[in-house]
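The values are calculated or read from the model by the stated rules, or taken from the named source; none is laboratory data. Keep in mind it's a predicted model, so treat the numbers as computed, not measured. Please note: Cβ atoms are built from the backbone with ideal geometry, for glycine as well, and neighbour counts cover all protein chains shown.
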Amino acid sequence: MNYTIRRTMAIFQKDYKDMMKNLYVSTTIVLPLIMAAFYGRTGVDTVDGYFLVFNMTFSVVAAYIQASLIAEEKEKNTLRGLMLSPASTGEIMAGKSLLSFVSTVIILFISAIFMRFQPADPAIIVTALVISTFFYIALGTLLGLVTRSVMEASVAILPVLLFFSFAPFATVFMDEYPILKIAEYLPNLQLVELGAAVEAGGGFEDVWSNLLILISWTAALLVAVVVMYQKKMIDK
Amino acid sequence: MLKISNVEKNIQHAVVFPSINLELKLGETAAIHSSTNVRTVLLELLSASKPLSGGSIMINNEQVSASNKVYFNQAAFLFLNDGLYERLTIKEHLAFYQKLYGANETVEEILNLIQLNEKKRLRVSALTFSEKKRLLFARILFQKPKAVILEEPDQNVDLEAKKILSRLIRMLTDDNSCVLVLTGNMESALMVTKRVYRLDESGLHALEVTEEKEEETLKEQNEEIQQVQPVKFEKIPTKVNDKIILFNPPEIDYIESSEGQSNVHVKGQIYPCMFTLNDLEQRLIPFGFFRCHRSYIVNLQKVREVITWTRNSYSLILDEAGKSSIPLSKTKMTELKEMLGLK
């Protein structure tokens, strides 16, 4: 167990140092911070506004970092060396996910301060945000497995970014086109709905269904990651 | 100990290599000289990325398999196209290897071994190709494996790196690891070991490597004779377009004369030769060639079958892919029988 932690941390530190020097990635992740600072100054204080920035952070930080970390290992032929080392696949993935997780939490926290976001019930909001982070890290892993280079990952993240950041605007058209009601079950809309309910003074009993949907999305995506991983490894 | 027993590989209809056996004890070094295709296939088998067609590969009694972590802890691979984390500094990179393998060696010790001490603060991307190769080799030093498998370790590297690598390989064998070098370059195979094999579709063959020192003493002995005798030229020149191609006599299957032009047949290819058949016969008799017909000279080593059609007509069937048949005249048949000791 001790060795497992040591190897996971070795991969985490290596990826951290590597990412800090990677201008591609480090400039992308400040994007939500700029957005948050802008919103904070112009006085946006609606739940939709806060969660637009949060959802953006998820796609740009959690999903993108994870995807580019995995894609780069494949692109630079370093993944094979890692796979042949004593580190197991679980340890490799844990090391990488840890970095995406920590960066996401930091960026979320700073943007919340920038926007002067004060949730009515921090415990629920934090739980929901953490579950969402896991969802987006799983999404990023999936993208990383499918793409072959950082370039490809950067392109593949764009539709994800647009879809998950701006899908909440679909609610405007929902009365007109009832088919869009399905979108309400998307994890990002669930998060916004949960945020709104908490702001309206709702407690845990009012939002458990939202949390449950978020957890099921995360679980489903994790299964997809495992299936995709096995498929890719057999292909090689 | 690395043990390859009865391993064979066929891809579709083609034999990549037939059943081969190789055993390397701890502290031994061997090199396998082969084509790129064969080398890639063998590496895939050794690193368990492709399943075996038959036989087994064992390192210290651990069977190769993608899920067998013990096998991979004891085996270290250096692939030709292995990559590095280009943005890390050399020191950071080595520190990563050290933690990953939980090694006892310090980063400083390894830095001294690969002689990159003065460059330790540089980024990996600033290194030359040869220096990167040395850094890649550092991974093996941290791992301390039982078996080391190197793919083209010194391809395209500079003299400095070659020296460092060959010293490190010797250090590994002194530490009781066995080293297997897979290469397409005979020179780099001979640089690390005298135990060289050739692997191709006909199997694994040990090459006889004579010690240079022995040759030197022999040379001294023969010096006087050599001064008198001119060096004997033993290649057969052929001409293709503007190029002159030289063949070793044993490579030649047979020579045929047609319309006054002698054609040398090598592995199904025809090369026109500027000598007459009579000249060639004089030159080639010492190499076991035989004038079997007015217009044919055959390499007797390559003859598989003698077919008697009628009392007066015979053919020789050669042992090569095309199974060419060559006429054998009646008078020559008696001569051949005498040579074979049949009469």
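Condition test on residue A:93, is it closer than 20 Å to residue B:72 by Cα and more than 14 Å from chain B (Cβ to nearest Cβ)? Criteria met by residue A:93.
With respect to (1) farther than 22 Å from residue A:223 by Cβ; (2) of a type in the set (Ser, Thr, Tyr); (3) within 14 Å of another protein chain (Cβ to nearest Cβ), the lone exception for residue A:103 is condition (3). A single entry from B:38, B:70, B:7 fulfils the requirement of being of a type in the set (A, V, I, L, M), away from chain A (no Cβ under 14 Å) and assigned to a helix (DSSP H, G or I): B:38. On the phi > 0 side of the Ramachandran plot, in contact with a helix residue (DSSP H, G or I) (Cβ under 6 Å, 6 or more places away or on another chain) and either outside the structural domain of residue B:323 (by TED's automatic domain parsing) or not hydrophobic (A, V, I, L, M, F, W, C) (or both): is that true of residue B:288 in this structure? The answer is yes for residue B:288.
Between A:55, A:77, the distinction of being in a loop (DSSP other than H, G, I, E, B) and either within 14 Å of another protein chain (Cβ to nearest Cβ) or at negative phi (or both) belongs to A:77 only. Considering each residue of segment B:16-30 in turn, none proves to be within 19 Å of the chain's Cα centre (by Cα), without any contact (Cβ under 8 Å) to a residue 40 or more places away in the chain and within 13 Å of chain A (Cβ to nearest Cβ).
Table: residues versus (1) within 24 Å of residue A:128 (Cβ to Cβ); (2) not aromatic (Phe, Trp, Tyr).
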| position | (1), (2) |
| --- | --- |
| A:145 | no, yes |
| A:151 | no, yes |
| A:167 | yes, yes |
| A:173 | no, no |
| A:178 | no, yes |
| A:196 | yes, yes |
| A:206 | yes, yes |
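Take the conditions assigned to a loop (DSSP other than H, G, I, E, B), at pLDDT below 65 and not hydroxyl-bearing (Ser, Thr, Tyr) and apply them to residue B:194. Does it pass? Here the answer is no, as residue B:194 does not meet what is asked. Any residue at all in segment B:131-140 that's among the β-branched types (Val, Ile, Thr), closer than 28 Å to residue B:186 by Cβ and part of a helix (DSSP H, G or I)? Looking for residues that are among the β-branched types (Val, Ile, Thr), closer than 28 Å to residue B:186 by Cβ and part of a helix (DSSP H, G or I), one finds at least one in segment B:131-140, hence yes. Check segment B:46-53 and report whether any residue there is within 24 Å of residue B:191 (Cα to Cα), of a type outside the set (Phe, Trp, Tyr) and out of contact with any Pro (no Cβ under 9 Å at 6 or more places or on another chain). Yes: one or more hits. If you scan segment B:106-128, which residues turn out to be away from chain A (no Cβ under 14 Å) and surrounded by fewer than 17 Cβ atoms within 10 Å (Cβ to Cβ)? Selection gives B:106, B:108, B:109, B:112, B:115, B:117, B:118, B:120, B:128.
In a residue-by-residue description of segment A:114-126, the property of being surrounded by fewer than 20 Cβ atoms within 10 Å (Cβ to Cβ), closer than 28 Å to residue A:10 by Cβ, under 20 Å from the mean Cα position of the chain (by Cα) and modelled with pLDDT of 90 or more applies to no position. Of the residues in segment A:160-173, at least one is touching an Asp or Glu at 6+ places or on another chain (Cβ under 7 Å) and of a type outside the set (Phe, Trp, Tyr).
Screening A:148, A:116 for residues that are touching a helix residue (DSSP H, G or I) at 6+ places or on another chain (Cβ under 8 Å), closer than 30 Å to residue A:76 by Cβ and of a type in the set (Lys, Arg) leaves exactly one candidate, A:148.
If we scan segment B:80-89, do we find a residue that is assigned by TED's automatic domain parsing to the domain that holds residue B:157, touching a residue at least 40 places away in the same chain (Cβ under 8 Å) and under 28 Å from the mean Cα position of the chain (by Cα)? There is at least one residue in segment B:80-89 that is assigned by TED's automatic domain parsing to the domain that holds residue B:157, touching a residue at least 40 places away in the same chain (Cβ under 8 Å) and under 28 Å from the mean Cα position of the chain (by Cα).
Screening segment A:14-27 for residues that are at the interface with another protein chain (Cβ under 7 Å from one of its Cβ atoms) and touching a helix residue (DSSP H, G or I) at 6+ places or on another chain (Cβ under 9 Å) and picking the one that is surrounded by the most Cβ atoms within 10 Å (Cβ to Cβ) gives A:14. Restricting B:50, B:69 to those that are in the same structural domain as residue B:191 (by TED's automatic domain parsing), closer than 26 Å to residue B:175 by Cα and surrounded by fewer than 18 Cβ atoms within 10 Å (Cβ to Cβ) reduces the list to B:69.
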